[in-house]
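A.B. asks: A single structure is presented below for examination.
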Amino acid sequence: MNFHQRENGDSEISEIDPLLAFLMVEGIRQEEEEWDCIADSFLATPLAEDALFSQDWKEYVQPGLLTLLKSCHAHVLTDLENMKREQLNAPGDQLGRLLIPVAHRESWLRILNVARLSLAARHRLHDQEISGEVAPDLNTERGKVLLQLQLFSMIQQVLVEIELERN
Amino acid sequence: MFKILCQFTSKTELLEKPALSEERLLASSWQVIVHNDPVNLMSYVTMVFQKIFGFKKEIAGKYMMEVHTQGRSIVWVGPREEAEFYVERLHGFLLLATLEQV
């Protein structure tokens, strides 16, 4: 897998192994109930002792944040669809290529986080697994999850570096 | 009627508006606290602090390390409305943030 930064600011990830492409698409997909879980865990009221404020937060702020994240998710899905389409039309042995337009970079940063948080919560991953200290055993389902998590961390790390360089 | 009003106004005294003491000013301040979680990458947290608060990389990194090593960091103090705005933005990047009155 290679990262390439284009002159126009777009990022390109090329030579993506089909397994990694599959894990990427599968891990980014979010079910509706998972959004609820995200909302409860990470978008919860920041001032639980104030009941009125908490009610307002849930009623007005949380839906706005969810809308923002879902729109970011749509950007990411579009880029992944493009990758899949390109792969379908390519000769059999050609590796995948993902283009992340500069306008979608922030969406990717947020959604990679959503995906990692969801994976960690869904599979109850422990700290050593999350920090990448455990080598993934690809013969197990959990190993594939760890690979997925490490893949997302790596892409996020590269995108953060690009973003920081830009500023 | 006139008499009654005069009686009323004559008994009304204007109170001087007390100056806010430093203690009271502080009491009206709110702090934005970011909490540690095992999932967010350290570089990501640093980047988010830079984006939201406009911190330089070193300052953002210092706060990030505080979150990482102490479990939480007070990243901003000020009026409640602004504090709420910052927490909302931090939540938008999936960082665990809460509000506390100083």
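A.B. asks: Would you be able to say whether some residue in segment A:69-83 is within 12 Å of another protein chain (Cβ to nearest Cβ), in contact with a Cys (Cβ under 7 Å, 6 or more places away or on another chain) and not hydrophobic (A, V, I, L, M, F, W, C)?
C.D. replies: No, segment A:69-83 has no match at all.
A.B. asks: When both residues are 6+ apart or on different chains and their Cβ atoms are under 8 Å apart, which pairs have a first residue that lies in segment A:13-39 and is over 17 Å from A:Trp108 (Cα atoms), and a second that is surrounded by 15 or more Cβ atoms within 10 Å (Cβ to Cβ) and of a type in the set (Ser, Thr, Tyr)?
C.D. replies: Close Cβ pairs (under 8 Å, with a partner that is surrounded by 15 or more Cβ atoms within 10 Å (Cβ to Cβ) and of a type in the set (Ser, Thr, Tyr)) amount to A:Glu34/A:Ser118; A:Cys37/A:Ser118.
A.B. asks: Would you pick out the residues in segment A:79-89 that are more than 17 Å from A:Met1 (Cα to Cα) and either exposed (fewer than 12 other Cβ atoms within 10 Å of the Cβ) or free of Cβ contacts under 8 Å to residues at least 12 places away in the same chain (or both)?
C.D. replies: A:Glu81, A:Arg85, A:Leu88, A:Asn89
A.B. asks: Name the pairs: first residue in segment A:46-61 and touching a residue at least 12 places away in the same chain (Cβ under 8 Å) and facing chain B (nearest Cβ under 10 Å), second residue surrounded by 15 or more Cβ atoms within 10 Å (Cβ to Cβ) and among the β-branched types (Val, Ile, Thr), Cβ to Cβ under 7 Å, at least 6 apart or on different chains?
C.D. replies: Once the first residue is touching a residue at least 12 places away in the same chain (Cβ under 8 Å) and facing chain B (nearest Cβ under 10 Å) and sits in segment A:46-61, its partners that are surrounded by 15 or more Cβ atoms within 10 Å (Cβ to Cβ) and among the β-branched types (Val, Ile, Thr) give A:Trp57/A:Thr45.
A.B. asks: Looking only at residues that are touching a Gly at 6+ places or on another chain (Cβ under 9 Å) and assigned to a loop (DSSP other than H, G, I, E, B) in segment B:28-54, which one is nearest to the other protein chains (Cβ to nearest Cβ)?
C.D. replies: Here the residue is B:Asn36.
A.B. asks: Select, from B:Val87, B:Val75, the only residue that is touching a strand residue (DSSP E or B) at 6+ places or on another chain (Cβ under 9 Å), at pLDDT 95 or above and at the interface with chain A (Cβ under 10 Å from one of its Cβ atoms).
C.D. replies: When all the criteria are applied, what remains is B:Val87.
A.B. asks: With buried (at least 20 other Cβ atoms within 10 Å of the Cβ) and at negative phi as the only criterion, which of B:Val75, B:Val102 stands out?
C.D. replies: On inspection, the qualifying residue turns out to be B:Val75.
A.B. asks: Let me ask something else. Would a scan of segment A:99-117 turn up a residue that is outside any helix (DSSP H, G or I) and touching a Lys or Arg at 6+ places or on another chain (Cβ under 8 Å)? Spell out how you get there, then give the answer.
C.D. replies: Start the filter on segment A:99-117 by keeping residues that are outside any helix (DSSP H, G or I), which leaves A:99-101.
Subset that is touching a Lys or Arg at 6+ places or on another chain (Cβ under 8 Å): none.
Among the residues of segment A:99-117, not one is outside any helix (DSSP H, G or I) and touching a Lys or Arg at 6+ places or on another chain (Cβ under 8 Å), which makes the answer no.
A.B. asks: What single numbered condition from (1) among the small types (Gly, Ala, Ser); (2) without any contact (Cβ under 8 Å) to a residue 24 or more places away in the chain; (3) within 15 Å of A:Glu26 (Cα to Cα) fails to hold for A:Ala115?
C.D. replies: It fails just one condition, (2).
A.B. asks: Residue under question is B:Phe93, and the condition is that it be without any contact (Cβ under 8 Å) to a residue 60 or more places away in the chain and more than 15 Å from A:Pro46 (Cβ to Cβ); does it hold?
C.D. replies: Values: without any contact (Cβ under 8 Å) to a residue 60 or more places away in the chain: yes; more than 15 Å from A:Pro46 (Cβ to Cβ): no.
For B:Phe93, the condition - without any contact (Cβ under 8 Å) to a residue 60 or more places away in the chain and more than 15 Å from A:Pro46 (Cβ to Cβ) - is not met.
A.B. asks: Every residue in segment A:118-148 that is more than 9 Å from every other protein chain (Cβ to nearest Cβ), free of Cβ contacts under 8 Å to residues at least 60 places away in the same chain and in a helix (DSSP H, G or I), please.
C.D. replies: Those that are more than 9 Å from every other protein chain (Cβ to nearest Cβ), free of Cβ contacts under 8 Å to residues at least 60 places away in the same chain and in a helix (DSSP H, G or I): A:Gln128, A:Glu129, A:Glu141, A:Arg142, A:Gly143, A:Val145, A:Leu146.
A.B. asks: Check A:Ser14, A:Ser54 and return the single one that is surrounded by 13 or more Cβ atoms within 10 Å (Cβ to Cβ) and either acidic (Asp, Glu) or not in a helix (DSSP H, G or I) (or both).
C.D. replies: A:Ser14
The values are calculated or read from the model by the stated rules, or taken from the named source; none is laboratory data. As the structure is a prediction and not an experimental result, all values here were calculated from the model. Counting neighbours? That spans all protein chains shown, and the Cβs are built from the backbone with ideal geometry, glycine included.
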